[in-house]
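Report on one structure; see the data block that follows.
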Amino acid sequence: MQSKSRIPNYSQLKKKLPSVKKPPSINSESINKNTNQSMHVGEKQTSTQYNHTNQISNFTNKTNSINIHKKEKQTLKENKQIIEFIKSNTLTELRMQLAKVNLPFKQHATTMVFSDGDSESPLMFIGEAPGQEEDKQGKPFVGESGKLLETMLNAAGIYRKNYYITNIVPWRPPSNRTPTLEEINIMRPYIMNHIDIIKPKIVVLIGSTSHRAVMNQIKAITTIRGQFTEKDNMLFMPVFHPSYLLRSPSKKKEMWHDILTLKHKLLEMNLNIIDS
């Protein structure tokens, strides 16, 4: 059993925080005195200064408004480039179309992680996005969480060579963060196109992000995991993401139950991809 590390209380943590120097005090009387010395008192002078200030303020507001409008137009132009979608008929075409998608964080990724496994398989797995190891190797689910998923599937006789696996987002987000709702919406037509090309009988949605993207629903994964939903002559089943299992090992039992449910459905549908 892994030992729990002691969590320091705030008073202990505060001692380790760097001290922040207070800003130098401001002598308001000295400032007022110097300011008064530099100004001529008079209603005409005050009125002129007031009008001049208003002119500067109006000019500044107008300039800011123009700049904001320019930024909004530029953003709309960029978004149009991002979300432009052309349906593909083959995986080669889809890969080429994905390469044109201009997600902001794409430039920080090493490579596009497209897919792995048998594209002719009736079983398809869809995760959310690549991690650090996937970004290095260019294959989905090859890191620590991916190895856990593969080990559990192998134990049920479901091997990678016999299924197809991909992600909603094919590039690693910064710091392995979860893709945003905007990013999911941008990638949704591509993953639906991906499913349409593969034409699987069963699609396993790995984690809540994958379920949200494909089913266009926001539901807690704990309430829907292991349940099949029929859509477009396919069965969709959400399961826990293996990274969640690494954080919550007690949930592995539930994941194993869902994998056995998947195996039973494969056998029931005579989809012969199980190796004994």
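The values are calculated or read from the model by the stated rules, or taken from the named source; none is laboratory data. What you see is a predicted model; the values in this text were computed from it and never measured. All Cβ positions, even for glycine, are placed from backbone atoms using ideal geometry, and neighbour counts span all protein chains on display.
Things to note:
- Index of the failed condition, Phe141 passing every other in (1) surrounded by fewer than 21 Cβ atoms within 10 Å (Cβ to Cβ); (2) within 20 Å of the chain's Cα centre (by Cα); (3) not aliphatic (A, V, I, L, M): (1)
- Pairs where the first residue, in segment 124-153, is free of Cβ contacts under 8 Å to residues at least 40 places away in the same chain and at positive phi and the second is aliphatic (A, V, I, L, M) and assigned to a loop (DSSP other than H, G, I, E, B), C-beta under 6 Å, 6+ apart: Gly138/Val113
- Within segment 208-226, tally of residues that are surrounded by 13 or more Cβ atoms within 10 Å (Cβ to Cβ) and over 22 Å from Met187 (Cα atoms): 3
- Evaluating Thr223 against the criteria (1) part of a helix (DSSP H, G or I); (2) farther than 28 Å from Ala99 by Cβ; (3) touching a residue at least 24 places away in the same chain (Cβ under 8 Å) leaves one unmet condition, (3).
- The requirement of being under 24 Å from the mean Cα position of the chain (by Cα) and either within 23 Å of Gln137 (Cβ to Cβ) or not aromatic (Phe, Trp, Tyr) (or both) is fulfilled nowhere in segment 256-267; no residue meets it.
- Number of positions in segment 230-276 that are assigned to a loop (DSSP other than H, G, I, E, B) and out of contact with any Phe, Trp or Tyr (no Cβ under 7 Å at 6 or more places or on another chain): 11
- Residue in segment 93-101 that is at pLDDT 90 or above and either of a type in the set (Gly, Ala, Ser) or part of a loop (DSSP other than H, G, I, E, B) (or both) present: yes
- Segment 126-145: number of residues that are touching a helix residue (DSSP H, G or I) at 6+ places or on another chain (Cβ under 8 Å) and either under 10 Å from Asp116 (Cβ atoms) or among the basic types (Lys, Arg) (or both): 4
- Residue list for segment 165-190, restricted to those being under 10 Å from the mean Cα position of the chain (by Cα), surrounded by 20 or more Cβ atoms within 10 Å (Cβ to Cβ) and among the β-branched types (Val, Ile, Thr): Ile168, Val169, Ile184
- Given (1) out of contact with any Gly (no Cβ under 7 Å at 6 or more places or on another chain); (2) under 22 Å from Arg177 (Cβ atoms); (3) free of Cβ contacts under 8 Å to residues at least 60 places away in the same chain, number of the condition Met96 does not satisfy: (2)
- Within segment 108-202, helices (runs of 4 or more DSSP H) holding 1 or more residues that are under 19 Å from Met237 (Cα atoms): 144-155, 181-198
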